[in-house]
Amino acid sequence: MPAPDVLLRFGDELEVKMKRAIIIVLDSVGIGEQPDAGLYGDEGSNTLGHICLQLKDQPWFSLANMERLGLGHIDGVDYLDKTREPIGAFGRLLELSKGKDTTTGHWEIAGIVMDKAFPVYPNGFPPEIIQAFEEAIGRKTLGNYPASGTQIIDELGAEHMKTGYPIVYTSADSVFQIAAHEEVIPLELLYEMCEKARRILTGDHAVGRVIARPFVGAPGTFRRTANRKDFSLDPIRKTVLDYAAEKGYQVRAVGKIEDIFNGRGITHAVHTHSNMDGVDRTLEWLKEDFEGILFTNLVDFDMLYGHRNNVEGYGRALVEFDARLPEIINAMKDDDILFITADHGCDPETESTDHSREYTPVLVYSRKVRAGVNLGTRKGFSNIAATIADYLGLSADIAGESFLGEILK
């Protein structure tokens, strides 16, 4: 694929030394099945690989900036160009935690390895959970089966509007989702319902997330809005975010990061409406002076394209992010270090619309990082947390092995 005319340039301004670690999670951009994928029904999954192979002949499809960082040099990524002189460090990460959901992936990136997976409900929630929830909210519910969010509002949206009953559903992930039309159940009431569900879903039924899924429109034209809200569990142990905040560093969260960690270890947060809004908010904070961690999630890859098996949409979203990467690099200060990674897969080429158990990429860039370092295959997304703790000088009891010594000049 051709490289752009202008890639990564830097200004000549004198910068104040200020250590910052930037994590950008390309939500669901897995790079191939893990050895244990069969345990999850995910044999053959390869989110990025299948997208690239499907779109490689499209003139608009290019990931030249991520290739320049070394994406094509990662073990198993044989479907992208290998640039002659990659400017970043690169590798792939194997998830150690049980599960393949958003919360598990992000918690592991931050230093927690889950020995037990969050509960899932392939047959819907048991009667005692639904009964307790209906008693708490004072009305019946609809649904209670696994489904895609767009599918279930098409199926039950009209009945919901007639009855006022919220739609409860789940997926292959550990989620209790509540969909409601904003003109039938106002947002604040929907959020209150989610808080009541969160209090019920404890112990053996402690799902990773309760999610408000508001929508608008008329039957046949329903569409979900950007007013989604996640109600997560507290992380089961301290993360690198907690250790950083305790030492006086700022921890700034972009997108749904605040929700995933239930606010724990977060000092500043902003929610976003799209991938590009997330990039914009990230750039705004990069231009400010602070020390610590900037943690961004770009969810459109997963939410809009992976779960809907939309290969072209997913590919265009990747190209869109890749085109913004030079802006991110150019906004970095001398002592910034950037990690680009993912939390799981969600292969739009497979029959499934759910997450997939895949390796994830890690691309690392800094003006202090040795170019072209191949990190190979690392055991644990938590290697990122350990490396950040090492970089920021944190004494942190977290999972993971730092690779900082391998990449610094």
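The values are calculated or read from the model by the stated rules, or taken from the named source; none is laboratory data. Remember, it's a predicted structure, so these values are computed and weren't measured experimentally. Glycine also receives a Cβ, built like all others from the backbone with ideal geometry; neighbour counts cover every protein chain displayed. Please note that ligands, DNA and RNA were not included when accessible areas were found on the heavy atoms of the full protein model with its side chains. Shrake-Rupley method; radii C 1.70, N 1.55, O 1.52, S 1.80 Å.
Okay, here's what the table says:
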item	result
Length released on extending from Glu327 to Glu192, taking residue separation times 0.36 nm less the Cα-Cα span	44.7 nm
Cα pair distances in the stretch 197-329, grouped into 5 Å bins until the bin that holds the longest one, percent each	2, 9, 15, 18, 18, 17, 12, 6, 2, 1, 0
Of Lys256/Lys409; Lys256/Lys287; Lys19/Lys379; Lys100/Lys256, those spanning more than 23 Å from alpha-carbon to alpha-carbon	Lys256/Lys409; Lys19/Lys379
Per-residue [θ]222 nm for the chain (sum of -39500 (n - 2.57) over DSSP H runs n ≥ 4, rounded to 500)	-8500 deg cm²/dmol
Heavy atoms of Thr141: accessible area, 1.4 Å probe, square angstrom to 10	20
Reachable lysines, given that their alpha-carbon falls under 18 Å from the alpha-carbon of Lys82 and they are not under 8 places away in the same chain	Lys56
Top of Gly70, Gly255, Gly143 by mean-square fluctuation, Gaussian network on the chain, Cα under 10 Å	Gly143
Theoretical FRET efficiency, 1/(1+(r/R0)^6), r = Cβ-Cβ of Gln131 and Glu284, R0 41 Å, to 0.05	0.30
Option label - Rg/Rh (Cα atoms, Kirkwood Rh) computed here, alternatives [x] 1.53; [y] 0.97; [z] 1.07	[y]
Extended-chain gain in nm, criterion 0.36 nm per residue less alpha-carbon gap, Asp154 and Glu183	8.8 nm
Fraction of accessible area attributable to carbon and sulfur, the chain (%, probe 1.4 Å)	47
Asp57, Asp173, Asp154, reordered so the largest accessible area comes first (probe 1.4 Å)	Asp57, Asp154, Asp173
Area of Glu406 that stays accessible when all protein chains are in place (1.4 Å probe, Å², to 10)	70
Percent RCO, i.e. relative contact order, over the chain, from Cα pairs under 8 Å lying at least 6 residues apart	30
Whichever aspartates and glutamates have a C-alpha closer than 17 Å to that of Lys368, once near sequence neighbours (fewer than 8 apart) are set aside	Asp12, Glu13, Glu15, Glu85, Glu291, Asp334, Asp335, Asp336, Asp390, Glu406
Kyte-Doolittle mean at least -1.0 and Cα axial length at least 27 Å: DSSP H helices in the chain	311-331
Label zone at Asn310 (point 7 Å along Cα-to-Cβ), backbone N below 12 Å, the stretch 125-167	150
Accessible surface, the chain, averaged per residue in Å² (probe 1.4 Å)	40
